[in-house]
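Read the structure below first, then the notes.
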Amino acid sequence: MFKNIRKIFNIAKTQKSDSSQKHARSPTELVELGNASEEIGEFNQAMVLYQESVQLQPNFARGYLNIGNIHLANRNYSSALQAYQQAAAVQHDFAPAFFNIANVHMELKEYSQALLNFKKATILKPDFSHAFVGEGNALCELKRYKEAAISYQKALELDPSNPEISANLAECFNDMGDLHGCVKFLKKAMELDRDTTRHANLLVNAYRELGRIEDAISICRTTLAANPDLYTCFTSYLFCLCHSNEITTEEFIAEHVRFGTYFSSKLTAQPAPHTNVKDPSRTIRVGIVSADLRQHAVAFFIDPILRILSKSKEISLTIYYNETIVDDVTRDFKSFLPNWRDISAYGDDELAQLIRQDHIDVLVDLSGHTAKHRLLTFIRKPAPLQLSWMGYPGTTGLQQMDYYIADKHFLPPGLLDAQFVEKIARVPVMSGFRPFFDSADVNELPAIKNKYFTFASFNRSDKISEKVVALWAKVLHAVPTARMLIAGLPAHGNTGDLRTWFRNNGIDESRLTFHARQDMYAYLKLHHEVDLCLDTFPYTGATTTLHALWMGVPTLTMVGRHAAGRPSAANLGHLGLGDRFCCHNEQEFINMAQRFSTDWDQLATLRGELRAKFLGCDFLNSDLVAQSFACAVKAMWQNYCRDEPVRSFNIERVNGEFVVEFAS
């Protein structure tokens with residue numbers, strides 16, 4: 001943007017810099033020579049020429065503007081601001097000066113001041129499209145999205161062929177929750193921009209949030225065909241496949257393996273041998289890589305475990321945090337995890353080297369194919385043993401990933417092992433959970449008071465596809481007096497597609513209630529209005545299922561063909577409810593929902609018991625979860641020290657002791 005503004009407002013250059021010229025030069029000629037010097041990288045010479053121009057003519061605004069540009073390029077913001085202000089002082093109607101004053105304030109995160117100066121620039125020069133873009137950027141930072149959209153649209157009217165403006169407008173609509181608007185302007189940006197891959201991820205995410213999974217998958221495939229090195233797009237593609245009802249199990253596995261194979265082939269050198277001392281009795285150095293140690297679902301699961309492991313004498317933890325966000329949750333983690341590395345700025349080779357320098361024995365991935373993973377670092381095999389845990393319901397596809405930690409409820413022995421490149425390390429309980437203890441108490445079954453039955457979903461909106469709605473509609477037809485509540489939707493999100501899908505399946509809107517995301521207390525209290533949750537498919541609930549159980553509400557789930565279809569079943573299984581609330585086909589789902597809608601006594605009794613069941617459940621036993629993980633890590637390490645091949649194994653509790661059994 002800063003280079004562009006110089007190009008827009010500099011008079012056309014007619015010659016390259018020749019600092020040896022001795023004839024008299026005008027201020028304009030000096031600026032032109034300075035611009036030419038910048039073009040060939042002679043910035044010091046350019047500064048001399050700009051300063052000479054304002055010495056020759058102290059009221060020469062263009063000279064001060066270019067002095068400011070040099071300072072801004074060097075991130076010398078105070079000097080840049082001073083130069084731009086001088087330009088504005090000597091020429092009050094000089095729009096570029098106010099524009100670049102605004103840009104300095106943007107760099108300093110002084111968005112209100114930036115907005116004021118962008119507006120001055122647009123008043124002085126109403127056809128200044130870049131200034132309208134800047135105005136929109138400042139308004140977005142101030143979260144005034146509707147006003148930002150107006151500014152971007154003015155810019156687009158002035159410069160309709162600029163793909164960046166359409167892309168900015170798309171992001172603005174995305175932030176407003178208007179995903180249809182986001183899709184519209186992303187398509188326009190991609191029509192105008194030869195490099196369509198730059199906008200693909202946002203379009204994929206918009207389609208996914210709209211429940212248009214197959215459209216998202218199509219964009220991913222087109223983008224990857226043009227640029228197979230875009231690992232973020234490949235990851236989005238694999239994550240979308242978890243939500244697809246169209247892909248076969250064989251294709252699902254093959255595409256994950258293709259990710260690992262392709263990016264492994266890009267390595268220019270094989271990883272060096274590890275020098276970790278093979279001593280099965282020493283403290284094991286465990287590194288944990290995650291971008292989710294913040295306000296995120298993974299944090300709810302991992303928090304109680306890390307608190308216990310941080311005090312272990314058998315395991316020493318090092319955290320590799322791949323995110324710039326530092327919130328109260330992050331600060332809490334950092335307070336009891338002293339070996340903390342902020343790694344978001346590290347490249348994959350650089351991070352791999354850091355992990356080797358830390359002598360990590362077992363490196364743990366908590367992301368899988370979700371945002372801001374570091375799987376390309378894992379491909380470099382910086383630790384002797386590497387495992388994936390908790391963050392992603394499926395294989396990473398990496399041959400370099402040795403293990404995947406699960407339990408018998410999530411991955412029953414032998415059922416889905418063939419869908420994983422990794423060997424399965426089955427523990428008594430694979431993850432913990434920290435419920436929101438400040439929630440409202442469990443209430444009585446609302447159907448008793450309402451005299452009608454209420455189904456609900458609190459799942460992520462991208463899990464709710466047209467096929468999911470079609471099944472829910474069949475349930476509502478089977479129970480014609482029932483209503484349905486759909487919550488946890490994006491704030492300010494457009495529910496038009498959901499309403500249309502229900503209407504197309506014969507469900508009147510009067511039977512539906514929609515709720516955007518709320519704070520935790522309000523979100524959980526909404527369960528007071530719900531008798532039974534209906535799950536999504538093929539990607540079921542996980543955290544939402546646990547929250548519902550905490551509030552006394554079971555979830556009816558249809559168990560899927562791959563791991564993404566099993567989190568709800570696993571959570572129900574831990575509470576001994578798997579047989580009662582798990583089914584395997586649509587007709588069974590409809591029949592069970594219909595039966596529960598008339599069996600209020602059974603649901604009322606269970607509702608009164610669930611909070612106590614939850615409090616006594618294994619995944620609330622943080623000591624057990626931490627011990628399970630520690631036992632698994634020790635088994636992996638000892639197997640490695642014996643020079644045995646990586647093998648699947650099961651850990652069972654027998655008379656209070658952990659018993660490890662490796663596959664033969």
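The values are calculated or read from the model by the stated rules, or taken from the named source; none is laboratory data. Here the structure is a predicted model, which means the values were calculated and not measured. Quick reminder, even Gly has a Cβ in these numbers, built from the backbone with ideal geometry, and neighbours come from all protein chains shown. Areas reflect the complete protein model, heavy atoms only, side chains present, ligands, DNA and RNA absent. Shrake-Rupley method; radii C 1.70, N 1.55, O 1.52, S 1.80 Å.
Determine the sum of side-chain charges near Ile651: Lys and Arg each +1, Asp and Glu each -1, restricted to other residues whose C-beta is under 14 angstrom from that of Ile651. Could the numbers behind the result be given before it?
Working: positive: Lys408, Lys423, Arg426, Lys634, Arg647, Arg653; negative: Asp407, Asp618, Glu652, Glu657, Glu661.
Net local charge, Ile651 excluded: +1.
If packing is taken as the mean number of other Cβ atoms within 10 Å per residue, what is the order of 625-631, 636-642, 36-42, highest first?
Values: 625-631: 23.4, 636-642: 18.7, 36-42: 16.1.
Going by the mean number of other Cβ atoms within 10 Å, highest first, we get 625-631, 636-642, 36-42.
Which of the three applies to the stretch 132-205, rounded, prolate or oblate, going by the alpha-carbon gyration tensor with a ≥ b ≥ c and a/c under 1.5 meaning rounded? Intermediate values should be presented prior to the final figure.
Working: a/c = 2.02, a/b = 1.25, b/c = 1.61.
It is oblate, given that a/c is not under 1.5 and a/b is not larger than b/c.
What percent does the relative contact order of the chain come to when contacts are Cα pairs within less than 8 Å and at least six residues apart? Mind showing how you got there, number by number?
Details: 1159 pairs, mean separation 62.6, N = 664.
Across the chain, relative contact order equals 9 percent.
Find, among the trypsin sites (Lys or Arg not before Pro) in the stretch 590-641, those assigned to loop by DSSP (not H, G, I, E, B) with at most 14 other beta-carbon atoms within 10 angstrom.
Details: sites: Arg595, Arg607, Arg611, Lys613, Lys634; in loops: none.
Here no loop site has a sparse enough neighbourhood.
Could you pull out every residue, at least 5 positions away or on a different chain, whose amide H is within less than 5 Å of the one on Ser388? Hs are placed 1.01 Å off N in the peptide plane, and Pro or chain starts have none.
The answer is Asp365, Tyr403, Tyr404, Ile405.
So how much accessible area does Lys143 have, in Å² to the nearest 10, using a 1.4 Å probe?
140 Å²
Arranged from highest to lowest average of other beta-carbon atoms within 10 Å per residue, in what order do the peptides 584-591, 654-661, 432-439 appear?
Values: 584-591: 14.6, 654-661: 10.4, 432-439: 16.4.
Packing proxy ranking, top to bottom: 432-439, 584-591, 654-661.
Summing +1 for each Lys or Arg and -1 for each Asp or Glu, what net charge is found among the other residues whose Cβ lies under 11 Å from the Cβ of Asp417?
Summing Lys and Arg as +1 and Asp and Glu as -1 gives +1.
Compute the Cα gyration tensor for the stretch 284-408, then decide on rounded, prolate or oblate, letting a ≥ b ≥ c be the square roots of its eigenvalues: rounded whenever a/c is under 1.5, prolate when a/b is larger than b/c in the other cases, and oblate in all that remain.
Details: a/c = 1.23, a/b = 1.19, b/c = 1.04.
Judged from the Cα gyration tensor, the stretch 284-408 comes out rounded (a/c under 1.5).
Got a number for the accessible area of Thr481? Probe 1.4 Å, square angstrom, nearest 10.
Taking all protein chains as shown, Thr481 has close to 100 Å².
In Å, what Kirkwood hydrodynamic radius results for the chain from the alpha-carbon pair distances? Please list the in-between numbers first.
Numbers: mean 1/r = 0.0355 Å⁻¹.
Roughly 28.2 Å, rounded to one decimal.
Please calculate how many Å² of accessible area the chain carries per residue, with a 1.4 Å probe and no DNA, RNA or ligand atoms counted. Before the final figure, lay out the partial values.
Details: 28340 Å² over 664 residues.
Each residue of the chain exposes 43 Å² on average to a 1.4 Å probe.
Report the local net charge at Glu141: Lys and Arg +1, Asp and Glu -1, summed over other residues whose C-beta lies under 13 Å from its C-beta.
On the way: positive: Lys109, Lys143, Arg144; negative: Glu107, Glu110, Glu135, Glu147, Glu171, Asp175.
Once positives and negatives cancel, what remains is -3.
Assuming a ≥ b ≥ c are the square roots of the Cα gyration tensor eigenvalues, decide whether the stretch 570-615 counts as rounded (a/c under 1.5), prolate (otherwise, with a/b larger than b/c) or oblate. All intermediate terms of the calculation are to be shown ahead of the outcome.
Values: a/c = 4.04, a/b = 1.32, b/c = 3.06.
In terms of gyration-tensor shape, oblate.
Using each residue's phi in the stretch 615-632, evaluate 6.51 cos²θ - 1.76 cosθ + 1.60 at θ = phi - 60° and report the 3J(HN,Hα) Karplus result to the nearest Hz, with x for Gly and Pro.
Couplings: 5, x, 7, 4, 6, 9, 8, 4, 4, 5, 5, 5, 5, 4, 5, 4, 5, 5 Hz.
With the full set of protein chains in place, find how many percent of the accessible area of the chain is carbon and sulfur; take the probe as 1.4 Å. Walk me through the numbers before you get to the answer.
On the way: 13900 of 28340 Å².
After summing per-atom areas, the C and S share lands at 49 percent.
Could you sort Asp618, Asp175 by accessible area so the largest value comes first, with the probe set to 1.4 Å? Don't jump to the answer; show the numbers that get you there.
On the way: Asp618 50, Asp175 80 Å².
Sorted descending by solvent-accessible area, the residues read Asp175, Asp618.
Which of the lysines could a cross-linker bridge to Lys423, judged by Cα under 18 Å and excluding same-chain residues fewer than eight apart?
Lys381, Lys408, Lys634
What is the Cα radius of gyration of the stretch 523-591 over 2.2 N^0.38 Å, N being its residue count? Kindly include the intermediate steps, with their values, before the conclusion.
Working: Rg = 11.2 Å, N = 69, 2.2 N^0.38 = 11.0 Å.
That ratio works out to 1.02.
Mind listing the phi-derived Karplus ³J(HN,Hα) values for the stretch 418-434, rounded to whole Hz, using 6.51, -1.76 and 1.60 with θ = phi - 60°, and x for any glycine or proline?
Computed from phi, the couplings for the stretch 418-434 are 5, 8, 10, 5, 6, 7, 8, 9, 8, 10, x, 8, 7, 8, x, 7, 10 Hz.
What is the angle, in °, between the Cα long axis of helix 61-73 and the longest principal axis of the Cα atoms in the chain? Nearest 10 is fine, range 0 to 90.
Compared with the principal axis, the helix lies near 40 degrees.
Which pairs break 29 Å Cα to Cα here: Lys334/Lys372; Lys146/Lys474; Lys188/Lys266; Lys525/Lys613?
Values: Lys334/Lys372 19 Å; Lys146/Lys474 38 Å; Lys188/Lys266 33 Å; Lys525/Lys613 19 Å.
From the list (Lys334/Lys372; Lys146/Lys474; Lys188/Lys266; Lys525/Lys613), the Cα-Cα distance tops 29 Å for Lys146/Lys474; Lys188/Lys266.
Which aspartates and glutamates have a Cα less than 15 Å from the Cα of Lys449, not counting those fewer than 8 places away in the same chain?
Straight-line reach from Lys449, under 15 Å: Glu529, Asp531, Asp599, Asp601.
Suppose we take every Cα in the stretch 565-662 and form the convex hull; what volume per residue is that in Å³?
Working: hull volume 12.4 nm³, N = 98.
In the stretch 565-662, the Cα convex hull volume per residue is 127 Å³.
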